[in-house]
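Contents: one structure, followed by commentary.
Quick note: the coordinates plus some simple rules give every number you see, no bench work behind them. These numbers were taken from a predicted model, which means no experiment stands behind them. Glycine gets a Cβ as well: all are built from the backbone with ideal geometry, and neighbour counts include every protein chain shown.
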Amino acid sequence: MIAAVLAGGKAKRFGEEKLLYKVSGKPLIAHAIERVSKAEKIEGVVIITSREKKETFERLGFRAIVDELEIGPIGGVYTALRELGDVFVIAGDMPSIKPEFVDYIIERFHELNPIVCVPKWENGYLEPLHAAYSKNFSKILEEQIAEGRYMLNEAIRLSNPCYIEIEPLPKEWQESFFNVNTKSDLRKIKGSLRV
């Protein structure tokens, strides 16, 4: 399965282009890509981004596809599915991804054959940017987008998804969901990453 890394956001809270911000000598997005690439079920990685950022990411050595819609994550996921087929979606600001967790989700996806396989917290909150999507989900997204409904979670709930209950899983897998929004978040990165 291909990993689609969403990298089209404006990063207003961060104050500058956070995905290029150097952490341990490498751009933040490179950490997310390295981590997801270590998953055995991931065969390649493609960045989904805006037209103005495409060349920047390609100069770093990554394949990038333009999300022409620019309507948030729903547009990025739709673009990825249309261009790549089935994908595992992550956000570019998630430097602590657990490859074993990615493999676990993809295994469940192949086993159950749903349209979406998404982690879900006990309180009902979904983690749509750490999930496996079937290319067939693009039909639902297309309808939602045409109606001006841009909430990815709403589209997921319409798809009769496979939910992966988070709490019973290994506690350290929860680090996968950590994303960087502000510079102070960089201090919370666990493991070997250092600003």
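Report, in cubic angstrom per residue, the convex hull volume of the C-alpha atoms of the chain.
Per residue, the Cα convex hull of the chain comes to 116 Å³.
How much length is gained if the chain between residue 22 and residue 100 is pulled fully straight, taking 0.36 nm per residue apart and subtracting their Cα-Cα distance, in nm to one decimal?
Taking residue 22 through residue 100 to full extension adds about 25.5 nm, to one decimal.
Using mean Cβ contacts within 10 Å as the protection proxy, how do 70-81, 33-44, 137-148 order, highest first?
70-81, 33-44, 137-148
What nm distance separates the two modelled labels at residue 50 and residue 83, each placed 7 Å from Cα along Cα→Cβ?
Placing both labels 7 Å beyond Cα along the Cβ direction yields 1.6 nm.
Any idea what the dipole of region 2-179 comes to, in debye rounded to 20, about its Cα centre with Lys/Arg Cβ at +1 and Asp/Glu Cβ at -1?
460
What percent does the relative contact order of region 2-179 come to when contacts are Cα pairs within less than 8 Å and at least six residues apart?
Dividing the mean separation by the residue count of region 2-179 yields 24 percent.
Counting Lys and Arg as +1 and Asp and Glu as -1, what is the net charge of the other residues whose Cβ lies under 14 Å from the Cβ of residue 85?
0
Can you give the calculated 222 nm mean residue ellipticity of the chain, where each DSSP H run of n ≥ 4 adds -39,500 (n - 2.57) and the sum is split over every residue, rounded to the nearest 500 deg cm²/dmol? Present the calculation step by step, with values, prior to reporting the outcome.
Values: 6 runs with 62 residues, N = 195.
When only DSSP H runs of four or more count, the value is -9500 deg cm²/dmol.
If the convex hull of the alpha-carbon atoms of region 80-160 is projected onto planes in all directions, what is the mean projected area in square nanometres?
Here the figure is 5.9 nm², rounded to one decimal.
Which aspartates and glutamates, on any chain, are close to residue 26 with Cα under 13 Å apart, when same-chain ones fewer than 8 places away are left out?
34, 93
Strictly over 18 Å apart at the Cα level, which of 41/120; 98/171; 10/53; 18/54; 10/183; 38/188 would you flag in this model?
Exceeds cut-off: 41/120; 38/188.
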